[in-house]
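Colleague: One structure, pasted below without further comment.
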Amino acid sequence: MVKRQVVGAHYGLKDWIAQRGTAVYMAIYTVIFAFSALMLPELSYEAWSGMFSGGLFKFLSFLFFLSVFYHAWIGVRDIWMDYVKPTGVRLALHLVTLFLLVGYAGWAAQILWRL
């Protein structure tokens with residue numbers, strides 16, 4: 001029987017690739033968003049709301065937020081696993097981080113679909 005190591009970073013290529021993939025998406029979205037914002041005729045609520053009126057831009061924006069939250073989850077989870085040794089404290093920090101990130105995702109969806 002193989003005993004799992006309770007401390008240390010999550011060993012795996014999947015998380016490394018996921019974090020790099022989310023970073024690439026966030027970079028591309030940032031360029032597209034900046035270009036779109038700079039091309040607005042004026043900086044007003046109506047122009048800003050018009051930019052988000054299309055369902056595709058809302059979806060891409062929500063995907064950006066999900067990428068940010070997943071990227072953060074991988075990074076913060078690895079920090080907790082590397083530096084917090086008591087298992088109970090580490091589990092509590094994981095849960096608090098997870099609940100906050102899921103809550104932020106819900107909040108982002110509410111904001112985007114209210115525009």
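Colleague: Would you kindly calculate the mean projected area, averaged across all directions, of the convex hull enclosing the Cα atoms of segment 13-114, in square nanometres?
Modeller: For segment 13-114, the mean projected area of the Cα convex hull comes to 7.6 nm².
Colleague: Would you calculate a helix-derived [θ] at 222 nm for the chain, using -39,500 (n - 2.57) for each DSSP H run of n ≥ 4 and dividing by the full residue count, to the nearest 500?
Modeller: The per-residue figure over the chain is -27500 deg cm²/dmol.
Colleague: On to the next question. Once neighbouring chains are kept in place and the probe is 1.4 Å, which whole percent of the accessible area of the chain is contributed by carbon and sulfur?
Modeller: 75
Colleague: Averaging sequence separations of C-alpha pairs under 8 Å and six or more residues apart, then dividing by the length of the chain, give the relative contact order as a whole percent.
Modeller: After rounding, I find 37 percent.
Colleague: Follow-up. Give, in nm to one decimal, the length gained when the segment between TRP48 and GLN110 is fully stretched (0.36 nm per residue of separation minus the Cα-Cα distance).
Modeller: 20.7 nm
The values are calculated or read from the model by the stated rules, or taken from the named source; none is laboratory data. In this text, all values refer to a predicted model and were calculated from it rather than measured experimentally. Surface areas here come from the heavy atoms of the whole protein model, side chains and all, with no ligands, DNA or RNA. Shrake-Rupley method; radii C 1.70, N 1.55, O 1.52, S 1.80 Å.
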